[in-house]
Amino acid sequence: MDVLQQLLNAMQNAGLEWSAPMELRRGDLLFQAGRADMPVYFLEQGIIRIIHQNGDDLNTIRFAYKGSLFAAMDALITGQPTIYSAEAIKQTVVKSIPRADFLNFINSDAKHLALWNTILGYVIFGQLERETDLLTTSPRERYERVLKRSPQLFQEVPHKYIASYLRMTPETLSRLQKS
């Protein structure tokens, strides 16, 4: 059993209650930058992209897929307003648990905390890989590394969002895929 499933089972055994499922259509925002006291989400169906707006540029930071637990990590950790927004890129269903309930659960038992720390480790490792890719590799290398690491991305996510994630134009991505 994987670490996420262990954590979800422990949450269920502890009696944590998820909100009723919320349905989002493609393009709907789950949350917007500036919101504080963000819940923790579980993605039952669909795909969410976490985005950051910098002036006119809208940058895709990461994706959440069916079966994943995700949050605006900056707001979850600090309790301060998030700088990120989350957009459904296809029909999506999510449920949530309030931040305080989740943190109380995590901190209530050393096993819960260990599971959460393992998950955070994977998140940090993934972000470091991505940062290294963006800073040190060519567009071709970035494309090939992400294709190897996350092949489902290219099957489930529109290419304009993949291009944003890879920090290249959709035309560059298209050329790389053809060559």
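Worth a mention:
- If you check Leu115, Leu4 for being over 16 Å from the mean Cα position of the chain (by Cα) and within 20 Å of Gln127 (Cα to Cα), only one passes: Leu115.
- Unique match (being more than 21 Å from Leu128 (Cβ to Cβ), touching a residue at least 24 places away in the same chain (Cβ under 8 Å) and open to solvent by 60 Å² or more (accessible area, probe 1.4 Å)) among Leu8, Leu29: Leu29
- Note on segment 142-179: among residues that are not aliphatic (A, V, I, L, M) and not in a helix (DSSP H, G or I), the one that is nearest to His52 (Cα to Cα) is Arg167.
- With respect to being under 22 Å from the mean Cα position of the chain (by Cα), farther than 19 Å from Leu58 by Cα and open to solvent by 60 Å² or more (accessible area, probe 1.4 Å), Glu131 falls outside the description.
Residue by residue, here is whether (1) basic (Lys, Arg); (2) surrounded by 14 or more Cβ atoms within 10 Å (Cβ to Cβ); (3) under 21 Å from Arg25 (Cβ atoms) holds:
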site	(1), (2), (3)
Leu69	no, yes, no
Asp74	no, yes, no
Val94	no, yes, yes
Ile97	no, yes, no
Asp101	no, yes, no
Asn104	no, no, no
Pro139	no, yes, no
Lys148	yes, no, no
Gln177	no, no, no
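- Output for segment 41-85, where each listed residue is of a type in the set (A, V, I, L, M) and assigned to a loop (DSSP other than H, G, I, E, B): Ala71, Ala72, Ile83
The values are calculated or read from the model by the stated rules, or taken from the named source; none is laboratory data. Since we're looking at a predicted model, the values are computed, not measured. Virtual Cβ from ideal backbone geometry, glycine too; neighbours counted across all protein chains shown. We work out accessible area using only protein heavy atoms, side chains counted, and drop any ligands, DNA or RNA first. Shrake-Rupley method; radii C 1.70, N 1.55, O 1.52, S 1.80 Å.
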